[in-house]
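The block underneath contains the structure these notes are about, expressed in structure tokens.
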Amino acid sequence: MKAIRIHNYGGPEVLRYEYAPRPKPQAGEVLIRVHAAGVNPIDWKVREGEMKDFWPHKFPLILGWDLSGVVEELGKGVSRFKIGDEVYSVPDPTRDGAYADYIAVRESELALKPASLHHIRAAAVPLAAVTAWQALFDTAQLRPGQRVLIHAGSGGVGHFAVQLAKWKGAYVFATASTTNQDLLRELGVDKVIDYTQQRFEDVTRNVDVVLDTIGGETQERSWSVLKKGGNLVSLVQPPSEEKAKELGIRATMIGGHPSGEQLAEIARIIEAGKLAPVLDRIHPLSEVRRAHELSQTGHTHGKIVLRVSNGDGTLEGKQS
Ligand SMILES: NC(=O)c1ccc[n+]([C@@H]2O[C@H](COP(=O)([O-])OP(=O)(O)OC[C@H]3O[C@@H](n4cnc5c(N)ncnc54)[C@H](OP(=O)(O)O)[C@@H]3O)[C@@H](O)[C@H]2O)c1
């Protein structure tokens, strides 16, 4: 099969479009023909070796932990899916990813994709939406009527977090630069904040939940907008335990985890018209280097997706 693999850590130049062995589904796994793969910052962080002390990756490694595709083959004991099902998934990020024609995924990491979305749009959803869900609902226990500040509301995670928070009935503050203010409004943000023009803490008060997707100074300045008893959830940097104690705030960094059940719930919300992915752009699999370079700017809006079926481009190496 065709795949994007890395044989060592490094810049975008280590991404190789080449032939790789097709995986075999083990017991409890499903082989999926990948139609599209979402790009997330974790892809280039892994490529650069940032996760090497946490995840036991082996080379050559296939990147990409976001996909939409069709079930091609079933491993022993699989009961919830059948051949031909259209599915989407966040596969286990410690194993080979989805920048490939095929991937073997555990049944528990899959759900039927939303029928109203074609594969390209469906592949934009899983990792970012599940992360937003786990941050806002599992961790912060966001409730209707509460106030939430979402940093980078125009980003991959942020644009789902804004919509999910609105779906829950929260009042939403969100930040982005000038170019993304209209997008924030279209997503339903109640109070849009242009972080290039104003300090978010000057216009945000008594917030129950902050979703920190930025870290550093943005996280540090976020303490002052939170109510006593509020929640600071970071995706990028562990908040200070001393500061949290001093202010009476629950503060934590989370690492998202695959969940087919949550993906099924998210599909229902999409089908109800309450949640939709925004795509910044679509590249063929062969243009993955460009996709990584764009993601690394930190200023794309919504998601970048790789089209895998008909991925075209020139392959390196020999077919195996
Ligand atoms: N812990 C986990 O499980 C987990 C899961 C998913 C993601 N993450 C991490 O969370 C972070 C965000 O992920 P993502 O996929 O949402 O990234 P992304 O899509 O690359 O985020 C890009 C967005 O960030 C906005 N932005 C950049 N600087 C900003 C600032 N100072 N204030 C407000 N907005 C700003 C940009 O808006 P402008 O262009 O308008 O500036 C852009 O729309 C990444 O570091 C990622 O690795 C962690």
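Among the numbered conditions (1) within 12 Å of the ligand (Cβ to nearest atom); (2) assigned to a strand (DSSP E or B), the only one that ALA251 does not meet is (1). Where strands (runs of 3 or more DSSP E) sit wholly within segment 141-203, those with at least 2 residues that are near the ligand (Cβ under 9 Å from one of its atoms) occupy 171-176, 191-194. Of the candidates VAL34, VAL30, the single residue that is surrounded by 15 or more Cβ atoms within 10 Å (Cβ to Cβ), away from the ligand (no atom under 16 Å from the Cβ), under 20 Å from the mean Cα position of the chain (by Cα) and not in a loop (DSSP other than H, G, I, E, B) is VAL34.
For the list (1) part of a loop (DSSP other than H, G, I, E, B); (2) of a type outside the set (D, E, K, R); (3) more than 14 Å from LEU127 (Cβ to Cβ), I need the number of the one condition that GLY64 fails. Evaluating GLY64 over (1) part of a loop (DSSP other than H, G, I, E, B); (2) of a type outside the set (D, E, K, R); (3) more than 14 Å from LEU127 (Cβ to Cβ) leaves (3) as the failure. Number of residues in segment 280-307 that are of a type in the set (Val, Ile, Thr) and either away from the ligand (no atom under 11 Å from the Cβ) or closer than 16 Å to SER68 by Cα (or both): the value is 4. Determine whether VAL236 is in contact with a strand residue (DSSP E or B) (Cβ under 9 Å, 6 or more places away or on another chain), at pLDDT 95 or above, under 21 Å from GLN181 (Cβ atoms) and within 15 Å of the ligand (Cβ to nearest atom). Taking the combined requirement at face value, the residue does not satisfy it. Per the conditions (1) in contact with a Lys or Arg (Cβ under 9 Å, 6 or more places away or on another chain); (2) assigned to a loop (DSSP other than H, G, I, E, B); (3) within 30 Å of HIS118 (Cβ to Cβ), the sole criterion not satisfied by TYR9 is (3).
Looking for whichever is assigned to a helix (DSSP H, G or I) and either within 9 Å of the ligand (Cβ to nearest atom) or touching a Lys or Arg at 6+ places or on another chain (Cβ under 9 Å) (or both) here; the options are GLU242, GLU217. Which one fits? Exactly one of GLU242, GLU217 is assigned to a helix (DSSP H, G or I) and either within 9 Å of the ligand (Cβ to nearest atom) or touching a Lys or Arg at 6+ places or on another chain (Cβ under 9 Å) (or both), namely GLU217.
Of everything listed in (1) crowded, with 21+ Cβ neighbours inside 10 Å; (2) in contact with a helix residue (DSSP H, G or I) (Cβ under 6 Å, 6 or more places away or on another chain), the single unmet condition for VAL78 is (1). Please verify whether GLY230 is over 16 Å from the mean Cα position of the chain (by Cα), under 14 Å from THR139 (Cβ atoms) and more than 12 Å from the ligand (Cβ to nearest atom), treating the condition exactly as stated. Judged against the criteria, GLY230 is a match.
Would you confirm whether any residue within segment 56-72 is within 23 Å of ILE266 (Cα to Cα), surrounded by fewer than 20 Cβ atoms within 10 Å (Cβ to Cβ) and hydrophobic (A, V, I, L, M, F, W, C)?
Going through segment 56-72, the residues within 23 Å of ILE266 (Cα to Cα) turn out to be 64-71.
Within this subset, residues satisfying the condition of being surrounded by fewer than 20 Cβ atoms within 10 Å (Cβ to Cβ) are 70.
Right, trim to hydrophobic (A, V, I, L, M, F, W, C) and you get 70.
So far as segment 56-72 goes, yes, one or more of its residues are within 23 Å of ILE266 (Cα to Cα), surrounded by fewer than 20 Cβ atoms within 10 Å (Cβ to Cβ) and hydrophobic (A, V, I, L, M, F, W, C).
Of the residues in segment 297-313, at least one is surrounded by fewer than 18 Cβ atoms within 10 Å (Cβ to Cβ), modelled with pLDDT of 95 or more, farther than 17 Å from HIS118 by Cα and β-branched (Val, Ile, Thr).
When VAL210 is tested against (1) of a type in the set (A, V, I, L, M, F, W, C); (2) within 26 Å of GLY38 (Cβ to Cβ); (3) within 9 Å of the ligand (Cβ to nearest atom); (4) touching a Ser or Thr at 6+ places or on another chain (Cβ under 7 Å), exactly one condition is not met: (3). Taken over segment 8-20, the criterion of being within 15 Å of GLY97 (Cβ to Cβ) and more than 22 Å from the chain's Cα centre (by Cα) is satisfied by VAL14, ARG16, TYR17, GLU18, ALA20.
The values are calculated or read from the model by the stated rules, or taken from the named source; none is laboratory data. Keep in mind that what you see is a predicted model, and the values were worked out from it rather than measured. Glycine also receives a Cβ, built like all others from the backbone with ideal geometry; neighbour counts cover every protein chain displayed.
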